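The values are calculated or read from the model by the stated rules, or taken from the named source; none is laboratory data. Worth saying up front: this structure is predicted, and the values here are computed from it rather than measured. Positions of Cβ are backbone-derived with ideal geometry, glycine not excepted, and every protein chain shown enters the neighbour counts. In case anyone asks, the SASA skips ligands and DNA or RNA and just uses the protein heavy atoms, side chains included. Shrake-Rupley method; radii C 1.70, N 1.55, O 1.52, S 1.80 Å.
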Amino acid sequence: KELKAAQPSNIPVTKITWSTEPGLLPGETVVREGKAAILFPSANEVFYNPVQEFNRDLTCAVITEFAREQLAQRGVRILVPGEKDRVVVRLSEENGTEDQEASEQPEKEQQNEEEGDKKEYITASVGERCEQGLRVLEGLAASGLRSVRFALEVPGLKSITANDYSAKAAALIARNAQHNNVSHILQASQRDASMVMYEARGKKERYDVIDLDPYGSPSPFLDAAVQAVSEGGLLCITCTDMAVMAGNSGETCYSKYGSMSIKSRYCHEMALRIILHSLDQRAAVYQRYIEPLLSVSVDFYIRVFVRVKTGQAVVKNSASKHALLYNCVGCGAFHLQRMGKKMSQGKHMKYSAATGPPVGPNCEHCRQRHQLGGPIWAEPIHDIKFVQKVLGAVSGNPTHFRTSKRIEGVLSMVTEELQDVPLYYVLDHLSSTVHCNTPPLLQFRSALLHAGYRVSLSHACKNAVKTDAPAGVLWDIIRCWEKSNPVKRERLSETSPAQHILSAAPTLQACFEIREDANPQSRKRHLTRFQENPQANWGPKARAKSGWVILLMLFC
């Protein structure tokens, strides 16, 4: 029988097949995801959440592109099933079309090889052990589903270590490796994840890819992870403790990540910047630094993919990559204060402490007080060139993943985001602050463009306004909008943020005529950018434990 959760028609449904296949223990079930068929016991002894299939699909896509780049330097070419033409999707707002490198790309690669030094490439296919390939560690593997999928779907791997502290989980990992015929690549391990990584700190023992997807916070494992990953290696980190990172427990966030979280409308992007800050800070202790490749906030968690490199000169610049955050508790206006600054002195760079603060004790717009948050990562959180490669691979092979449409939608939005603008405003919050009707998103974006500023959406929030315009410009546009949608001023308190904001005359006369470039391509193409709730109570499941709870309870 198959159990299907009640989901919208556009959301993939994870099939849970109760099987009587030979070799299964009484009560066991087989869950099929991607190319993997995973054995699960009847009791909730090993954690599994089907909603995170998007997470696992995206991880396979990212590691595949990472392997393509890394192994090309080692003379290895990977072969991905179903991948014939490379389609590179660049969302151009000028012509509204996609730039594609279809069948021309393999021809160009072949010409480059023939015209070059006649270098011979070794080919690597999925499911085959590649001696020059990547060494992968999944520190918290549970059932081993993610590692089995790596072995079956990601080419160019030398070995995969699927580790879990639980003896039952480790035994199940070994059974799943055997069940999927990947025991020649995947080895089960039952140890403390931190100790596995600490023992791999030597340059020859380091892992090329380390994946950490814990139940809750990854903070106990970050120090070991930044040491155990190879030079230029990939860290894949998931955080599901969003209540802590979104401002509900700022002091707990500081103890775990070295950053004070605050309640705000941009909390999801701030959470991404908090974990990046924590990773870079811990790496800097060992003269290493991070380069974010992709950082996404989806569903109930955040996921970051970062390279880790070594370089004392680059680490000196670390302070200028992080910033304190001043957030107004009244109107939500925010300002960033870099922790350090750098100045060029001929061929050398001089680093010093930054000067500040950028704001006074009270907000200039609504006269409310400021909260201090951070430090947070203030540099770009994506590598757009790398994201475009992943997007092109997924778009060119849409049947490879069940969540390909959503991956395409999310990554398309990522490529449209303003990379040099940290955080965002939320249009609903801007209008509700002054108690007026919310302007249409396209008209508000057009007003910013008419004023000469840049603007984009954010994958982390539906009504986000990410712009390089100062907060005063945003409030001027709201004031102009309020003139045609008047607020009953007599109902406003004299000390309210709305009263202070609306009492000031706008210095900018906003134009709300809709511009063509105000509507991003991902929105025009109606891509699946934000997922609806796939099922009732779809967030993080209960922590894995032994007991009489049958597997069906996992999906309730």
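Each peptide among 435-447, 198-210 gets the average number of other Cβ atoms lying within 10 Å of its residues, and from highest to lowest they stand as 435-447, 198-210.
Pairs exceeding 21 Å between alpha-carbon atoms, taken from Lys466/Lys488; Lys158/Lys389; Lys84/Lys389; Lys309/Lys405: Lys466/Lys488; Lys158/Lys389; Lys309/Lys405. Shown for region 425-525: the carbon plus sulfur share of the solvent-accessible area, taken with all protein chains present and a 1.4 angstrom probe, equals 48%. Remark on Ala124: its backbone amide H falls under 5 Å from those of Arg77, Ile78, Leu79, a criterion applied only to residues 5 or more positions apart or on other chains, H modelled at 1.01 Å from N.
Order these peptides, 76-83, 426-433, by their mean beta-carbon neighbour count within 10 angstrom, highest first. List each step's numbers first, then the result.
On the way: 76-83: 16.4, 426-433: 18.8.
Ranking, from highest mean packing down: 426-433, 76-83.
The peptide list 307-316, 460-469, 153-162, put in order of mean Cβ contacts within 10 Å with the highest first, becomes 153-162, 460-469, 307-316. The 3J(HN,Hα) values that the Karplus relation (6.51, -1.76, 1.60; θ = phi - 60°) gives for region 305-315 are, in residue order, 10, 9, 7, 10, 10, 10, x, 5, 5, 6, 5 Hz. Gly and Pro appear as x.
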